[in-house]
Amino acid sequence: MQRPTAVRGGGAFGAPHGAPFGGAHAPTRLGRAFRSVDFYRKLPRDMTEGTVSGSVISIFAAVLMTFLLLSELRSYSSSSFDTKVVVDRSVDGELLRINFNLSFPALSCEFASVDVGDALGLNRFNLTKTVFKRAIDADMRAIGPLQWDRAVDEVLKASDEETTRAEERIADLDELQAMVKDPTHAVVLVNFYAPWCPWCQRLEPVYEAAGLAVHEKYPPGTKSRVLFTKIDCVVHEKFCMAQVVTGYPTIRIFTHGTDILMHEGKREHAFYKGPRTVDGLTQFVDTLVPPPEPVGESSIEAAQEENMKLRLPASVDMQKRIIGPGCAITGFVLVKKVPGHLWISASSPDHSFHGETMNMTHVVNHFYFGHQLSDERRRYLEKFHAGEKAGDWHDRLASERFVSNAAHVSHEHYLQTVLTTITPRGRYTLPFSVYEYTQHSHAVHEPLPKAKFHYQPSPMQIVVSEEKMAFYSFITSLMAIIGGVYSVMGIADGVLFNSLALVRRKLELGKQG
């Protein structure tokens, strides 16, 4: 900073009276009048002086101005979010879309049911219109659907590798092994049942009648013989669990020693799911094997005695590998925007279920509300949540795994969702809405295990607009920075200069005294 010294005689700008200012001619009256409105009158440089303290403060002021100007420029080039919380502005009657992709390695697609309900009392069971189910194995790999009307040679086809594995799994089941491995037995139907199951009780006479009819048609000594048998899953519970039998009755089909079929390189259990009538069972058998060809004397009495006489040993090796089929459930449902639930459970009008043997372990591949976000909109959402805890607030449950380590275990998920509407910066960018949610999960014990998703839409809505500083605000800020720093530093310099001058004066007076 420079200090003013004595003002020399002359005009307002230090020029002698009557002398021209900046030219050879005297200023005109108009020129004098124009210069009289100058807000920034100047002092000649030789009438000021510099000080060390003023220089230090000037350097500090320049550095501070530069820092503030760069910060303001950075703020101007970036955008910020203006967030408001308002009452949900959704139109009355607007539906909420719930999208899900879940994998249940121990729940058969035959019994998997998707049920929804809400606080208004609306309940829908076993949704199929917008729900797709596909069988998977224990490693979550997809398995193609069974096609019961395929050619006979394709139905009976099984690789040597799969046959060997199947023999290893049932090595301790002597009688069953002997039956299904007998080369004269082309097909063995095994009814897994529980005595307490009413559906099993209804099926028993039908199954026995169908077995007698089939055994009579394919007696001992017949080529490509078909046998019917059954297994009590109360007595042989461990074996039924190893076979992933969760619903009763279940009729499995063993061909050439295994009930595993290959479809498009995938494995799946072969089971009967046709009509539970004598005609339905016998006609199904006719689609599996060619007409009987006698090769020796047959005995109908021997076939009747052999029918239903399979008895398994009580001890079963549970260390054998469990092969599905599980179920991957994908789809969406439309619900009202009120508290409600979405349940995945085992359900069937013709089966009973043993909850103690059911395993509702599941993996949530995706579970989100509304529509899927594009990559651009996902980036906007991540920018809005910058600096917060990492995670996808739109799909919080993605890739989460919930394991049932005990019997009768249900998994409950409580989801609180809120609608967020974001208006991106840009003239040609449209606003978009996204449902974000928080989740809390825990396990409970129930007679029949389920996977439960409870959702509660928030009555509030978050409205977010991405904004950028206006240009006039940017210029105003620049001027405020320059003028403010200059003025404040000038005041500081004046205070410091006068304080030092006062100290020097006192020191001089002390020496004179």
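The values are calculated or read from the model by the stated rules, or taken from the named source; none is laboratory data. Since the model is a prediction, treat every value here as computed from it, not as a measurement. Positions of Cβ are backbone-derived with ideal geometry, glycine not excepted, and every protein chain shown enters the neighbour counts. SASA here: full protein model, heavy atoms, side chains in, ligands and nucleic acids out. Shrake-Rupley method; radii C 1.70, N 1.55, O 1.52, S 1.80 Å.
Only one of the numbered conditions (1) touching a helix residue (DSSP H, G or I) at 6+ places or on another chain (Cβ under 6 Å); (2) open to solvent by 30 Å² or more (accessible area, probe 1.4 Å); (3) in a strand (DSSP E or B) is not met by residue 230, and that is (1). One residue stands out among those in region 189-211 that are surrounded by fewer than 18 Cβ atoms within 10 Å (Cβ to Cβ) and assigned to a helix (DSSP H, G or I): the one that is farthest from the chain's Cα centre (by Cα), which is 209.
The residues of region 356-402 that are open to solvent by less than 70 Å² (accessible area, probe 1.4 Å) and either at positive phi or among the β-branched types (Val, Ile, Thr) (or both), listed by number, are 357, 361, 363, 364, 370, 391. When residue 413 is tested against (1) open to solvent by 50 Å² or more (accessible area, probe 1.4 Å); (2) assigned to a strand (DSSP E or B), only condition (1) is not met.
Scan region 416-426 for residues that are surrounded by fewer than 16 Cβ atoms within 10 Å (Cβ to Cβ) and touching a strand residue (DSSP E or B) at 6+ places or on another chain (Cβ under 6 Å) and the total you get is 2.
Any residue at all in region 344-366 that's modelled with pLDDT of 90 or more, assigned by the TED database to the domain that holds residue 118 and in contact with a Gly (Cβ under 8 Å, 6 or more places away or on another chain)? Looking through region 344-366, at least one residue is modelled with pLDDT of 90 or more, assigned by the TED database to the domain that holds residue 118 and in contact with a Gly (Cβ under 8 Å, 6 or more places away or on another chain).
Every residue, every condition in (1) farther than 30 Å from residue 349 by Cα; (2) more than 27 Å from the chain's Cα centre (by Cα), yes or no:
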residue	(1), (2)
53	yes, yes
62	yes, yes
65	yes, yes
77	yes, yes
81	yes, no
92	yes, yes
109	no, no
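Where strands (runs of 3 or more DSSP E) sit wholly within region 78-139, those with at least 2 residues that are open to solvent by less than 30 Å² (accessible area, probe 1.4 Å) and out of contact with any Cys (no Cβ under 7 Å at 6 or more places or on another chain) occupy 95-104, 112-118. Reported count of residues in region 229-255, each being in contact with a Ser or Thr (Cβ under 6 Å, 6 or more places away or on another chain) and within 22 Å of residue 212 (Cα to Cα), is 1.
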